[in-house]
Amino acid sequence: MLRTLLGEPPRQNEGILEEAIDSMVETLELLQRQLEKNQDPSHDYRKLYVWTQGLISSLDELEQSCFAASHFRKKVKAGSTEDMTSEEKAEYARYVYFYKDGFIRCFAILDKTGTVLNELFQLNTTKVKTHFSYFTVLRQFGYAKQHSELAVKLTEIKDVYREPMSKLRKRRNMEIHYMNSEMQDDLWQLHQTLQGKVKLEDLDQHLNELRQGLDMVCITLKASYGYINKMWYQQGFRELTNGLKA
């Protein structure tokens, strides 16, 4: 959608994005077969079907935000807002909007993934924390001592992307709970210079971190749904969905 609005051709899925989407689409196909076989009185299959559809849409929106942020960043040439023309300031504001939207969506998707894993594998994370995050669910795998293959894989992914995700999470927390992240940058710059122009944050570095966040989300989804699909092929649906609550 955003590519069309920006005069770009539609996206062709490829790489880890395509692999993540394909894993979730395979789950949808498996669920559809089960829905056709029985009436799903507890709505377990339908619930997971809707959740998975939502994750596919959310991943698409995250990728679009990353693309749009990169698109508008290319139009920002000045090193500080004071040196920008009014038109360039508008382009910078668009970059900031989609950059923020991107890093907020990264953690929203991870938390939704955590909800799927928590209920599907009966991890009972709410007993540890009522409003839990994906990372709380990941720790809960260890406490529950089950599905270690998936737990190890997801932990490895988390560790590989620890640095960029830590930076993105800090910015997400500032944006949601404290103050706008770019305001924090401005305050820091003012404190350092005390006078003179406030330099822009490193836009290219921030975009690189956001792209790594997108990659981390894609790899996490691929691993999670790939594991779910494998288990269903091996063990059958009923055993793995009896933990879902209608």
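The values are calculated or read from the model by the stated rules, or taken from the named source; none is laboratory data. Given the structure is predicted, the values throughout are model-derived calculations rather than measurements. Counting neighbours? That spans all protein chains shown, and the Cβs are built from the backbone with ideal geometry, glycine included.
Scanning segment 47-69 for residues that are in contact (Cβ under 8 Å) with a residue 12 or more places away in the chain and more than 30 Å from residue 88 (Cα to Cα) gives 47, 48, 49, 51, 52, 53, 54, 55, 56. Residue pairs whose Cβ atoms lie under 8 Å apart, sitting 6 or more positions apart in sequence or on different chains, and linking a residue in segment 4-25 that is under 14 Å from residue 62 (Cβ atoms) to a partner that is of a type outside the set (Phe, Trp, Tyr) and outside any helix (DSSP H, G or I), are 21/13. When segment 22-57 is limited to residues that are closer than 27 Å to residue 106 by Cβ and acidic (Asp, Glu), the one that is farthest from the chain's Cα centre (by Cα) turns out to be 29.
Residues that are closer than 21 Å to residue 230 by Cβ and of a type in the set (Val, Ile, Thr) within segment 102-133 comprise 113, 115, 116, listed in sequence order.
Taking segment 44-68 as the range and being over 20 Å from residue 16 (Cα atoms) and either among the hydrophobic types (A, V, I, L, M, F, W, C) or crowded, with 20+ Cβ neighbours inside 10 Å (or both) as the test, the residues that pass are 44, 45, 48, 50, 51.
Can you find even one residue in segment 20-33 that is among the basic types (Lys, Arg) and assigned to a loop (DSSP other than H, G, I, E, B)? The answer is no, given that none of the residues of segment 20-33 is among the basic types (Lys, Arg) and assigned to a loop (DSSP other than H, G, I, E, B). Here residue 108 fulfils each of the conditions (1) crowded, with 22+ Cβ neighbours inside 10 Å; (2) modelled with pLDDT of 95 or more apart from (1). The numbered conditions (1) crowded, with 19+ Cβ neighbours inside 10 Å; (2) in a helix (DSSP H, G or I); (3) not acidic (Asp, Glu) are all true for residue 123 except (2). Could you say whether any residue in segment 85-93 is more than 19 Å from the chain's Cα centre (by Cα) and of a type in the set (Lys, Arg)? Yes, there is a match, as at least one residue in segment 85-93 is more than 19 Å from the chain's Cα centre (by Cα) and of a type in the set (Lys, Arg).
Here residue 72 qualifies as part of a helix (DSSP H, G or I) and without any contact (Cβ under 8 Å) to a residue 60 or more places away in the chain.
Evaluate the following for residue 54: is it modelled with pLDDT under 95 and not hydroxyl-bearing (Ser, Thr, Tyr)? Taking the combined requirement at face value, the residue does not satisfy it.
So for segment 81-96 (the condition being under 18 Å from residue 222 (Cβ atoms) and crowded, with 19+ Cβ neighbours inside 10 Å), does at least one residue qualify? Within segment 81-96, not a single residue is under 18 Å from residue 222 (Cβ atoms) and crowded, with 19+ Cβ neighbours inside 10 Å.
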